[in-house]
């Protein structure tokens, strides 16, 4: 079975091939993988995909009060303040998110369902993504598609429960994972280029928010 | 309907008298410099970076004028300049500060919002107060996280 994470999805038949960095390579646990810059040349904040993202955010927001375990977990950690619900409310009110085809290196990053942030690790701004966009959903990824690149031998699997791509469960798992990054939930780790951290984050999402995710309609 | 000049005359006189009382006062406040020596903060309340402004990547300075009572409590605060998404939080925060009373009962507060450096997430916020009246509220640019 391939890699399966919320922010990063996998293909069940063909394990995700991480590129090998000239300066350090994978350690077998998902650490030390090379980190190539991402870009979103066709970034947009409108259209059917934008409406679909907003719809899932709204469903999560509506469900949070009835899911206290998830709601209590989805809080800013450390000295920071705020809740996931507050974050989602602002995102919806100001349209601070978008979508587009996420590229990494020279190719389409099918394995990235969505990302939060505006800067690559090399401190350069992510090409195509405005500074006011808090997260970006991949038009070519598991949020909107069942298969990677339309190849039926590469079905997307999302999160700990391997939800099929382009399902409400997959979409909710992706957006809750990203919200946790945005508000820095306690214990939620930076996971760009780090499979092990990504898997740990997906376990946390599943442990705390599975009921919400699987209860959405 | 015709309005007689005689009817309008008393209204004109009242308006002139009112402006003579109000305008010089407003103008005086506008023109008077508030020197740093007059501003003496006794207690302040930290202000986190307002969420909506941070998520919309709004930064910059907000200048707030406060009116004080005889004991240095803020009885009114208003914005002289600043970004729309930052002003309400500053006005609200300024009203919680305490000052040592000064003769004119006024003070200026400057909030300087910055987004600099890189970090994980959007909730990081650091508040630093530099006497007599400048505060910086810093957040950081979010690094990509899938």
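The values are calculated or read from the model by the stated rules, or taken from the named source; none is laboratory data. Keep in mind that what you see is a predicted model, and the values were worked out from it rather than measured. FYI the Cβ positions are ideal-geometry reconstructions off the backbone, even for glycines, and counts take in every protein chain you see.
Quick notes
- Annotation for the stretch A:150-163: at least one member residue is within 23 Å of residue A:66 (Cβ to Cβ) and within 13 Å of chain B (Cβ to nearest Cβ).
- Members of the stretch A:125-139 found to be in a loop (DSSP other than H, G, I, E, B) and surrounded by fewer than 19 Cβ atoms within 10 Å (Cβ to Cβ), listed by number: A:127, A:130, A:131, A:132
- Single condition residue B:43 does not satisfy, out of (1) touching a helix residue (DSSP H, G or I) at 6+ places or on another chain (Cβ under 9 Å); (2) surrounded by fewer than 18 Cβ atoms within 10 Å (Cβ to Cβ); (3) in contact (Cβ under 8 Å) with a residue 24 or more places away in the chain: (1)
- Within the span defined as the stretch A:178-192, one or more residues are over 23 Å from residue A:100 (Cβ atoms), at the interface with chain B (Cβ under 10 Å from one of its Cβ atoms) and surrounded by fewer than 21 Cβ atoms within 10 Å (Cβ to Cβ).
- Taken over the stretch B:101-117, the criterion of being over 11 Å from the mean Cα position of the chain (by Cα) and either within 30 Å of residue B:69 (Cβ to Cβ) or crowded, with 16+ Cβ neighbours inside 10 Å (or both) is satisfied by B:101, B:102, B:103, B:104, B:105, B:106, B:112, B:113, B:115.
Let's see how each residue does on (1) modelled with pLDDT of 90 or more; (2) outside the structural domain of residue B:80 (by TED's automatic domain parsing); (3) loosely packed, with under 10 Cβ neighbours inside 10 Å; (4) within 30 Å of residue A:79 (Cβ to Cβ):
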| residue | (1), (2), (3), (4) |
| --- | --- |
| B:22 | no, yes, no, no |
| B:28 | no, yes, yes, no |
| B:47 | yes, no, no, yes |
| B:50 | yes, no, no, yes |
| B:53 | yes, no, no, yes |
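- For the stretch B:42-72, residues that are assigned to a strand (DSSP E or B) and either closer than 30 Å to residue A:130 by Cβ or more than 15 Å from the chain's Cα centre (by Cα) (or both) total 7.
- Checking each residue in the stretch A:77-89 for being in contact with a strand residue (DSSP E or B) (Cβ under 7 Å, 6 or more places away or on another chain) and facing chain B (nearest Cβ under 10 Å) picks out A:77, A:82.
- Here the condition is being free of Cβ contacts under 8 Å to residues at least 60 places away in the same chain, outside any helix (DSSP H, G or I) and at positive phi; of A:145, A:166, it holds for A:166 alone.
- Top-ranked residue in the stretch A:90-125 [being more than 9 Å from every other protein chain (Cβ to nearest Cβ) and without any contact (Cβ under 8 Å) to a residue 60 or more places away in the chain; ranked as nearest to residue A:58 (Cα to Cα)]: A:92
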